[in-house]
Amino acid sequence: VAWEREAVPMLRPLASSVLGTVSLYLGDLPVAIEHVERMHADLASCHAVLLSAQYAWTDILVTAKKDGPRAAVELLSSTYGHLPTQRSLYIEDPSAAAFLVRLARDVGDGDLERSVLDTVDGLAGDNPGFSITGLTALHANALADGDTAALARIIVESPDPVSVALATEELAK
């Protein structure tokens, strides 16, 4: 297993991050928190780490679930200020843009919403041949605009199950 001590050190933080996200999506917050704590410890002790937006993203997801939207936005403002404009986040996790737009809406942070939308719109515009980037931007904009038809399109067309779940949840409201 990649997160065990015998594993390749540079893979442990990423493995812990992925396991933390999976645990969170499975509804096991205590285990997700354990994985995030292990991820932070491994990041601090390992000199060679794969670069990934996933570390920060997992931390944001767990913080939002554990401490609420305001705490997640505070973490975004302090530690992970670069994350909303980091294009690789939206490639690594297509649901991140929609999640961040919803988070921004929940706390009334128009600047966060605009930076996410500008970033994913730019990413989609620069990569017209990749449908997932277009769907990521469509989803984020649909949340921002309350566009139920676009949310329904995400449910039908997105290959990302988390994006489908977020769009379904939003339409159910």
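Derivation of every value follows stated rules applied to the coordinates shown; laboratory data play no part. No experiment lies behind these values; they were computed from the predicted model shown.
Expressed as an acute angle from 0 to 90° and rounded to the nearest 10, what is the orientation of the C-alpha long axis of helix 29-45 relative to the principal long axis of the chain?
Approximately 60 degrees, to the nearest ten.
Quote to one decimal, in nm, the extra length available between residue 148 and residue 86 on full extension: 0.36 nm per residue of separation minus the C-alpha distance between them. If you can, show how the numbers build up before the last one.
Numbers: separation 62, 0.36 × 62 = 22.32 nm, distance 2.70 nm.
Stretched out fully, the residue 148 to residue 86 stretch lengthens by 19.6 nm.
Can you give the helix-only mean residue ellipticity at 222 nm for the chain, where every DSSP H stretch with n ≥ 4 adds -39500 (n - 2.57) and the sum goes over all residues, rounded to the nearest 500 deg cm²/dmol?
Numbers: 10 runs with 127 residues, N = 173.
About -23000 deg cm²/dmol.
Calculate, axis by axis, the spread of Cα positions in segment 1-91 along the three principal axes, and write the results as whole Å, longest axis first.
37, 27, 23
Round to the nearest 10 and give me the degree value, 0 to 90, for the angle of helix 54-67's Cα axis relative to the longest principal axis of the chain.
The helix 54-67 is inclined about 80 degrees to the chain.
Helix 110-126: angle to the longest alpha-carbon principal axis of the chain, degrees 0 to 90, nearest 10?
For 110-126 against the chain, the angle is about 90 degrees.
Work out how much length residue 169 to residue 78 would gain on full extension: take 0.36 nm times their residue separation and subtract the Cα-Cα distance, in nm to one decimal.
Numbers: separation 91, 0.36 × 91 = 32.76 nm, distance 2.90 nm.
This chain segment gains 29.9 nm when fully extended.
Would you calculate the convex hull of the Cα atoms in segment 82-124 and tell me its volume per residue in Å³?
Taking only Cα atoms, segment 82-124 has a hull volume of 55 Å³ per residue.
Quick one: the Cα spread of the chain along its three principal axes, in angstroms, biggest first?
Rounded to whole Å, the extents work out to 49, 35, 28 Å.
Full extension from residue 162 to residue 34: what is 0.36 nm times the residue separation minus their Cα-Cα distance, to one decimal in nm?
Extending this stretch completely gives an extra 43.9 nm.
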